[in-house]
Amino acid sequence: MRKVFMTALIFVLLLVSCSYAEEIKIGSCIYRFNDAFMLRFRNAMTTEAEKEGATITHADGQDDQPTQDAQVDEFIQAGVKVLIVNPVNRMDAQPIIDKAKAANIPVVFINREPSIEILNTYDKAYYVGAKAEESGQLSGELIAEYFKSHPEADKNHDGKLQFIMLKGQNGHQDMILRSRYSVEAIRAAGIEPVEVASAIANWDKLEAMKIMNGFVMSIGPENIEAVIANNDEMALGAIEALKIVDYNKGDKDAYVPVVGVDANASALDAMDKGEMLGTVLNDADNQGTAAVKLALALASGKDINSIGYEITDGKYIWVPYQKVTRGEK
Ligand code: GAL
Ligand code: CA
């Protein structure tokens, strides 16, 4: 009797110590490694996969769709059980889905949202991300709140907000919707937004710095009442350009409120120094964790409704954004 009990006990102990995801290989395609936010995302996925005893391999798409397509082929040939894909061009996701479908491998898209028409062509295709319009709305609110509580922010005293918009890569849902909804939020707060300039800086700090440098020279920092950037890197680039003309160095009379999105460490740092007004948390930890949990459930046949993240419309996991400020300095 005792022997039977001991054997059963050992069996149960073995069961709990072997994670269900042991041995599962995940192939992860990142649009490019050289992206501060996607680095956070990647690290979150690695951490979660390791926790579950699974193996995750990340491939650098180098911002080139053909390169990424080849990496998808390689992962499938190498026998991965599931793919996580951050498409270079979200509108070109169809061939990736077709390949995954042909190999009967589930695919979880992240960060760059394929259209619902594309997602609907495969019952094992999903998307994990955050609602772009929400981040736009929240960053617009940050600017509106500042403008309302700081009368001096209306530099030309016309009651309107003269702003510059720095945009991410063309066609990205976060580029389109953050740009639109940030301005909408300012209008909804009762402030008339006036765009004095806008440009695409491709999520990139250096590119944004160069562009903003041009704007500062041609428009004059005293005529810029806000900079709205689609992400933190571009916000930080704009701040670099403002610092060249001795703006945003802590002097309240020489300041342009700048907002971004992501809440990367470097942005939080700039906020601590009083150089940057605020940002919106793009929750890489939760998105990365959710993507891996979903991928592992799909690969192992586990119920996807039991992973601790809500599945919306049978296809989506949405992780909320959050405003981040540092209050008055
Ligand atoms: C956005 C993020 C950007 C950039 C981009 C890449 O969500 O805010 O910083 O990482 O994704 O697709
Ligand atoms: Ca004004």
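What the table shows:
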quantity	calculated
Residue match in the range 187-198 (condition: modelled with pLDDT of 95 or more, open to solvent by less than 10 Å² (accessible area, probe 1.4 Å) and either in contact with an Asp or Glu (Cβ under 6 Å, 6 or more places away or on another chain) or in a strand (DSSP E or B) (or both))	no
Conditions (1) surrounded by 21 or more Cβ atoms within 10 Å (Cβ to Cβ); (2) more than 30 Å from N213 (Cα to Cα); (3) more than 16 Å from ligand 1 (Cβ to nearest atom); number of the one not met by L161	(2)
Unique match (being closer than 15 Å to A125 by Cβ, outside the structural domain of N202 (by TED's automatic domain parsing), of a type in the set (D, E, K, R) and open to solvent by 40 Å² or more (accessible area, probe 1.4 Å)) among D64, D73, D98	D98
Checklist (1) surrounded by 14 or more Cβ atoms within 10 Å (Cβ to Cβ); (2) of a type in the set (A, V, I, L, M, F, W, C); (3) more than 18 Å from R178 (Cβ to Cβ) applied to A229, failing item	(3)
Residue list for the range 312-329, restricted to those being touching a residue at least 40 places away in the same chain (Cβ under 8 Å) and either open to solvent by 70 Å² or more (accessible area, probe 1.4 Å) or under 24 Å from E117 (Cβ atoms) (or both)	K315, Y316, I317, W318, V319, P320, Q322, K323, T325, R326, K329
Any chance I191 is away from ligand 1 (no atom under 16 Å from the Cβ), more than 22 Å from E275 (Cα to Cα) and β-branched (V, I, T)	yes
Residue count, the range 123-152 (criterion: within 30 Å of D98 (Cβ to Cβ) and not in a helix (DSSP H, G or I))	9
Residues (away from ligand 2 (no atom under 13 Å from the Cβ), more than 27 Å from D204 (Cα to Cα) and not aliphatic (A, V, I, L, M)) located in the range 149-192	S149, R187, G190
Filtered residues of the range 144-158 (kept if hydroxyl-bearing (S, T, Y) and either within 16 Å of ligand 1 (Cβ to nearest atom) or in contact (Cβ under 8 Å) with a residue 40 or more places away in the chain (or both))	Y146
Segments classed as helices (runs of 4 or more DSSP H), wholly inside the range 1-78, with at least 2 members that are hydrophobic (A, V, I, L, M, F, W, C) and at pLDDT 95 or above	36-51, 65-77
Only one of V80, V107 that is open to solvent by 10 Å² or more (accessible area, probe 1.4 Å), without any contact (Cβ under 8 Å) to a residue 60 or more places away in the chain, closer than 23 Å to I317 by Cα and among the β-branched types (V, I, T)	V80
Test result for Y181, open to solvent by 10 Å² or more (accessible area, probe 1.4 Å), assigned by TED's automatic domain parsing to the domain that holds I200 and of a type in the set (F, W, Y)	yes
Tally, over the range 37-59, of residues that are open to solvent by less than 40 Å² (accessible area, probe 1.4 Å) and within 16 Å of ligand 1 (Cβ to nearest atom)	7
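The values are calculated or read from the model by the stated rules, or taken from the named source; none is laboratory data. All values reported here derive from a predicted model rather than from experimental measurement. Please note: Cβ atoms are built from the backbone with ideal geometry, for glycine as well, and neighbour counts cover all protein chains shown. These accessible areas exclude ligands, DNA and RNA; they are computed on the full protein's heavy atoms, side chains included. Shrake-Rupley method; radii C 1.70, N 1.55, O 1.52, S 1.80 Å.
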